[in-house]
Amino acid sequence: MTNSVKSLYWTKADAPYYNNYMKADELIIYADMDGTALSDWSRGPIVPEENLRALESFVAQGGLFSVASGRQYPDIMDFFPEGLICAPVVCGNGAIVYSPRDKKVVREILLPKEFRREVLELCEKRTELVLAAADEYGIYQVRTGDGHPAPDGLLSRYITQEDFLTGPYVKACYILPDPALMQGVEEATALFASYGLVTAARSSSIYLEIIRRDVSKAAGIAYAREYIGAGERKLACIGDYFNDYEMLKSADIAACPSNAAQGIKDICDIVTCSNDEGAIARLITALCGE
């Protein structure tokens, strides 16, 4: 990061991030989805209209925009008009890189099978846990323990334990019924013999997401930038939770919405408005003066 100045609630009247506003064609922006690009679930979720308008202008002026998310690309692409995402999408917290231009996955890193076995063993012991798994197309609930559904009907598709062990899954996620269980689940997972092969990060107070250790949003973005030859552009990233930490630390300009976790605010150059109010639009204003 190149500037230690932090600002809350940037507006067009604020001083620009640099001494002069940047041109859109000098920038590539990567945004997290839930809690950042998207509104709260109580409103849909949707991409706020402020974000869509700002991104349309940004892309029309030569800016590059894409998403780095725990979601998968078919779901991500449905939220945005065609052409608005114009750089490879980083999915599954970095395990998948999808090129909209070429309409294909250009990078895929699967979960180690040793770890999958130990995850199932833990879920059989701790039946209150819901286990989800993601491939390049979607997210599914693994039938474990008592087989109770994920909260809020979040997952409607199921896979068997055998499928989880053998299929092309890139991410696992514990869904907890109570945030107070998080520390105990983290500690139990850290005792796995295979734990050195993976990394775990909280993506909300009840979600603990696990990917292979050499996978991260930051690594996925680095691969995506090289794939399209955008390494010379300044990288601005915006996210709200701890699975965004490495992405934000690796960015030239790190930003977060005002609803971000405090530990994320602490490492960001810019704190914008909330995700419901158009956090990406406010970031573009801060950088480009749009």
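The values are calculated or read from the model by the stated rules, or taken from the named source; none is laboratory data. None of the values given here were measured: they were computed from a predicted structure. Backbone-built Cβ (ideal geometry, glycine too); neighbour counts: all protein chains shown. For the accessible areas, the whole protein counts, side chains as well, though only heavy atoms, and no ligand, DNA or RNA atoms are used. Shrake-Rupley method; radii C 1.70, N 1.55, O 1.52, S 1.80 Å.
The mean sequence distance of close C-alpha pairs (under 8 Å, at least 6 residues apart), as a share of the length of the chain, puts its relative contact order at 27 percent.
Counting only protein chain heavy atoms and rolling a 1.4 Å probe, the accessible areas of Glu118, Glu82 rank, largest first, as Glu82, Glu118.
Kirkwood hydrodynamic radius computed over the stretch 199-250 comes to 12.0 Å, based on all pairs of distinct alpha carbons. Using a simple spin-label model with pseudo-atoms 7 Å out from Cα toward Cβ, Asp178 and Met77 lie 4.3 nm apart. Springs between Cα atoms under 10 Å define the GNM used for the chain, and in it the highest mean-square fluctuation of Ile29, Ile46, Ile139 occurs at Ile46. Within the stretch 174-267, the GluC sites (Glu not before Pro) that combine a DSSP coil assignment with at most 10 other C-beta atoms in a 10 angstrom radius are Glu232. With the convex hull of its Cα atoms as the shape, the stretch 176-224 has an orientation-averaged projected area of 3.7 nm².
Computed from the Kirkwood radius of its Cα pairs, the Stokes-Einstein diffusion coefficient for the stretch 135-290 at 10 °C and 1.306 mPa s stands at 90 µm²/s. Taking a straight Cα-Cα cut-off under 21 Å and skipping sequence neighbours fewer than 8 places away in the same chain, the lysines within cross-link reach of Lys249 are Lys6, Lys217, Lys234, Lys265.
Label zone of Tyr223 (point 7 Å out along Cα→Cβ, amide N under 12 Å): in the stretch 28-64 this covers no residue at all. Rolling a 1.4 Å probe over the protein heavy atoms gives the chain an accessible area of 42 Å² per residue. Before rounding to the nearest 500, sum -39500 (n - 2.57) across all DSSP H runs of length at least 4 in the chain and divide by the residue total; then give [θ] at 222 nm in deg cm²/dmol. Value at 222 nm, helices only: -7500 deg cm²/dmol.
With Rh defined as the Kirkwood radius, the inverse of the mean 1/r over Cα pairs, the Rg/Rh of the stretch 18-59 is 1.07. With the convex hull drawn around the C-alpha atoms of the stretch 166-254, the volume per residue stands at 115 Å³.
Helix 217-228 axis versus longest C-alpha principal axis of the chain: approximately 60°, rounded to the nearest ten. Kirkwood radius for the stretch 86-221, taken over all pairs of different Cα atoms as the inverse mean of 1/r, rounds to 15.1 Å. Charge dipole of the chain (Cα centre as origin; +1 on each Lys and Arg Cβ, -1 on each Asp and Glu Cβ, all else neutral): 480 debye, rounded to the nearest 20. Counted over all Cα-Cα pairs of the chain, pairs farther apart than 23 Å make up 52 percent. Based on the Kirkwood radius over alpha-carbon pairs, what is the Stokes-Einstein translational diffusion coefficient of the stretch 42-117 at 10 °C with 1.306 mPa s viscosity, in µm²/s? The diffusion coefficient I find is 116 µm²/s. Computed from the C-alpha gyration tensor, the three semi-axes of the ellipsoid equivalent to the stretch 43-83 are 19, 13, 8 Å, from longest to shortest.
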